[in-house]
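Worksheet: the structure to be examined is printed underneath.
Readers should treat all values here as calculations from the given coordinates under stated rules, not as data from a laboratory. Because the structure is predicted, anything quoted here is derived from the model rather than measured. Ideal geometry is used to build each Cβ from the backbone, glycine not excepted, and the neighbour counts take in all protein chains shown.
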């Protein structure tokens, strides 16, 4: 274990991650995190003036799971440096603060990673966590590319080139089977009729009540369904696949169903 005073001149954690899983700013500091496919943090760096708190934060959180990071607090510093007088001398300057800003910065980064960055700024939902590709990036690619494919999307944004857990979702966006499905989605029904049917069948989906699911949009065969439940990325992906099979089989296999965490904006 390093001594706390070593972090006063410790610049090893002042670097830039080109493709972070999460990035947030506070005052003059930017914190970047990168997770692997099992939600284990394997990179943590910051930009800004040299800070023993930021350096020690990156040091202490490295290698921890998302679950462990959710519980991370000032108590972790106290436990790690309990016999280090240099830490306690420096901590006296911080203990009177109502909010301990390094942990608030970490919390904001974790919220961003879990897809709740709308709490800090309005942004498009994250699709590819490895390379930070968002829904808006995919939609822009579909509009610009004459024949969009996984390869063209990967070349332009690297989406799907990491752990590849987002590939099934990307395939539904891109309709990679090459068939011309335009015009087939609506068949003989109006959009209003489709929404009514989807809404009814969604209420029959086993997780619908617990996850508080509801249809929020229906456009060109793409159905967006919001949910309001704290779940892991793995749970969200598994439920999304199950939802696609359930509703696709009951309604129309040409329809694509996507889950999106419900957005809540606090009133000023």
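What's the exposure ranking of 38, 64, going from fewest to most Cβ atoms within 10 Å?
By the 10 Å Cβ count, ascending: 38, 64.
For the chain, set up a GNM with springs between Cα atoms under 10 Å and report which of 103, 196, 152 has the largest fluctuation.
196
Normalised by the number of residues in the stretch 124-176, what is the relative contact order in percent for Cα pairs under 8 Å and 6+ residues apart?
33 percent
How much of the DSSP bridge set in the chain is antiparallel, in percent, rounded to the nearest 5? Intermediate values should be presented prior to the final figure.
On the way: 19 of 25 bridges.
Counting only bridges with both partners in the chain, antiparallel ones make up about 75 percent.
As an exercise, use a Förster radius of 35 Å and the Cβ-Cβ distance of residue 89 and residue 163 to find the FRET efficiency, rounded to the nearest 0.05.
Efficiency, from the Cβ-Cβ distance: 0.20.
Among 31, 150, 106, determine the one that fluctuates most according to a GNM of the chain built with springs between C-alpha atoms less than 10 Å apart.
Maximum fluctuation in the GNM of the chain, among the listed residues, is at 150.
For the chain, would you read off the P(r) tail past 32 Å as a percentage of all alpha carbon pairs?
Roughly 35 percent, once rounded to a whole number.
Which angle between 0 and 90 degrees, to the nearest 10, do you get for helix 135-144 versus the longest principal axis of the chain when only C-alpha atoms count?
Value to nearest ten degrees: 50.
Between 133, 167, 231, find the one with the highest GNM mean-square fluctuation for the chain; connect C-alpha pairs within less than 10 Å.
In this elastic network of the chain, the residue with the biggest mean-square fluctuation among 133, 167, 231 is 231.
Which order do the peptides 224-230, 82-88 take when ranked by the mean count of other beta-carbon atoms within 10 Å per residue, highest first?
Highest to lowest by the protection proxy: 224-230, 82-88.
Gain in length, residue 136 to residue 73, computed as 0.36 nm per residue apart minus the alpha-carbon separation, to one decimal in nm? Could you put the intermediate results ahead of the total?
On the way: separation 63, 0.36 × 63 = 22.68 nm, distance 3.40 nm.
My answer for the length gained is 19.3 nm.
Given the DSSP H assignment, sum -39500 (n - 2.57) over each helix run of at least 4 residues in the chain and divide by its residue total; what's the result at 222 nm in deg cm²/dmol, nearest 500?
Value at 222 nm, helices only: -11000 deg cm²/dmol.
For Cα pairs less than 8 Å apart in space and 6+ apart in sequence, what is the mean separation divided by the residue count of the chain, i.e. the relative contact order in percent?
13 percent
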